[in-house]
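*Asks:* Dropping the structure in here first, questions after.
The values are calculated or read from the model by the stated rules, or taken from the named source; none is laboratory data. Please read all numbers here as calculations on a predicted model, not as lab measurements. Please note: Cβ atoms are built from the backbone with ideal geometry, for glycine as well, and neighbour counts cover all protein chains shown.
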Amino acid sequence: MPRTVSWFSCGAASAVATKLSNPDIIAYCDTGAEHPDNERFLKDCEKWFGKKVTRLKSKKFKDTWDVWEKRRYIAGIKGAPCTSELKIKPRLEFQRPDDIHIFGYTEDSRDITRAEALQEHWPELTVEFPLIERGLTKAATIAMLYKAGIEPPLTYALGFPNANCLPCCKATSPAYWALVREHFPAQFNRMAKLSRELGARLARVNNERVFIDEVPSDQAITEPLMPDCDLLCSIAEQDM
């Protein structure tokens with residue numbers, strides 16, 4: 001029988017998608033570079049799911065920094081090697097041809113684009129998007145976690161749009177890098193040094209690529225996403 005595999009990322013959306021789907025397997029690609037509070041969130045979610053999370057790890061690289069420093073490439077027109085090495089390769093090694101894959105893409109426009117791109121690039125996969133099917137936004141999933149008695153990952157409260165690696169090399173927003181600089185100066189300085197060394201202009205200011213240490217000191221930062229549960233959110237909660 002085919003397995004249903006929910007790809008949990010320690011984010012609010014993937015957590016709610018997992019709870020709604022009740023999959024056979026909950027898989028998590030551990031990048032070794034996320035905020036420590038993600039570990040607390042994962043354990044809270046295991047209790048909520050009533051199932052253990054299967055952790056997948058690269059056999060070659062320890063974390064994102066290990067990938068960037070050994071590959072001598074951070075991000076650019078060739079994509080981000082950390083994604084392929086720490087997330088895609090472990091997934092490909094774990095999955096089976098007949099698996100049904102659950103992804104936590106939301107009704108937000110950016111996520112819809114990502115879901116369409118996934119289907120285009122991986123047409124052989126059988127995929128389900130329970131949040132898009134129910135019209136749920138990321139703000140709705142955060143609200144649903146609070147109502148379930150689960151504190152979302154700390155990064156959301158700090159203003160980050162997700163619970164991804166810190167820092168995320170694929171981010172180009174100057175507001176994102178200003179936020180990293182404010183809350184995680186050690187990681188910011190390390191990335192500023194490495195990106196200069198490798199010639200990676202990761203931020204975009206006035207449509208021009210710049211090094212992250214060129215982001216203006218008075219750059220506004222992103223504000224925390226406020227939880228927002230509407231009628232569709234309430235209906236989905238009944239499914240859980």
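*Asks:* May I ask you to say which residue of ILE132, ILE142 is without any contact (Cβ under 8 Å) to a residue 40 or more places away in the chain, within 30 Å of ASP24 (Cβ to Cβ) and under 17 Å from the mean Cα position of the chain (by Cα)?
*Replies:* Matching residue, one of ILE132, ILE142: ILE132.
*Asks:* Next up: Picking from VAL67, VAL53, which residue would you name as being closer than 17 Å to PHE8 by Cα, at pLDDT 95 or above and among the aliphatic types (A, V, I, L, M)?
*Replies:* The match here is VAL53.
*Asks:* Going through LYS78, LYS60, LYS47 one at a time, which residue ends up being at pLDDT below 95 and surrounded by fewer than 19 Cβ atoms within 10 Å (Cβ to Cβ)?
*Replies:* Exactly one residue qualifies, and that residue is LYS78.
*Asks:* Ok, one more. So in region 99-131, with the set limited to residues that are farther than 18 Å from ALA17 by Cβ and acidic (Asp, Glu), which one is surrounded by the fewest Cβ atoms within 10 Å (Cβ to Cβ)? Write out each step before concluding.
*Replies:* First, pick out the residues of region 99-131 that are farther than 18 Å from ALA17 by Cβ: 120-121, 123-124.
Cutting the leftovers down to acidic (Asp, Glu) gives us 120, 124.
Details: GLU120: 8, GLU124: 5.
The qualifying residue surrounded by the fewest Cβ atoms within 10 Å (Cβ to Cβ) is GLU124.
*Asks:* Report, by residue number, each residue of region 80-104 that is in contact with a Lys or Arg (Cβ under 6 Å, 6 or more places away or on another chain) and closer than 19 Å to CYS168 by Cβ.
*Replies:* ALA80, PRO81
*Asks:* Within region 120-129, can you find the residues that are within 18 Å of the chain's Cα centre (by Cα) and either among the charged types (D, E, K, R) or part of a helix (DSSP H, G or I) (or both)?
*Replies:* If the condition is that a residue be within 18 Å of the chain's Cα centre (by Cα) and either among the charged types (D, E, K, R) or part of a helix (DSSP H, G or I) (or both), then GLU128 is the only one that fits.
*Asks:* Taking the condition buried (at least 16 other Cβ atoms within 10 Å of the Cβ) and assigned to a helix (DSSP H, G or I), does ALA140 pass?
*Replies:* Yes: the conditions hold for ALA140.
*Asks:* Let me ask something else about it. Of all residues in region 137-181, how many are of a type in the set (A, V, I, L, M), within 17 Å of PHE8 (Cα to Cα) and touching a strand residue (DSSP E or B) at 6+ places or on another chain (Cβ under 7 Å)?
*Replies:* 1
*Asks:* Now a separate question. Give region 86-98 a look and list any residue that's surrounded by fewer than 19 Cβ atoms within 10 Å (Cβ to Cβ) and either of a type in the set (D, E, K, R) or free of Cβ contacts under 8 Å to residues at least 40 places away in the same chain (or both), or say none. So that I can check it myself, show each step before the final result.
*Replies:* Initial filter on region 86-98 (surrounded by fewer than 19 Cβ atoms within 10 Å (Cβ to Cβ)): 88-89, 91-98.
Residues satisfying the conditions are ILE88, LYS89, ARG91, LEU92, GLU93, ARG96, PRO97, ASP98.
*Asks:* Here's something else I'd like to know. Just give me the residues in region 182-228 being touching a strand residue (DSSP E or B) at 6+ places or on another chain (Cβ under 7 Å) and among the aliphatic types (A, V, I, L, M), in sequence order.
*Replies:* Across region 182-228, the qualifying residues are ALA200, ALA203, VAL210, ILE212, VAL215.
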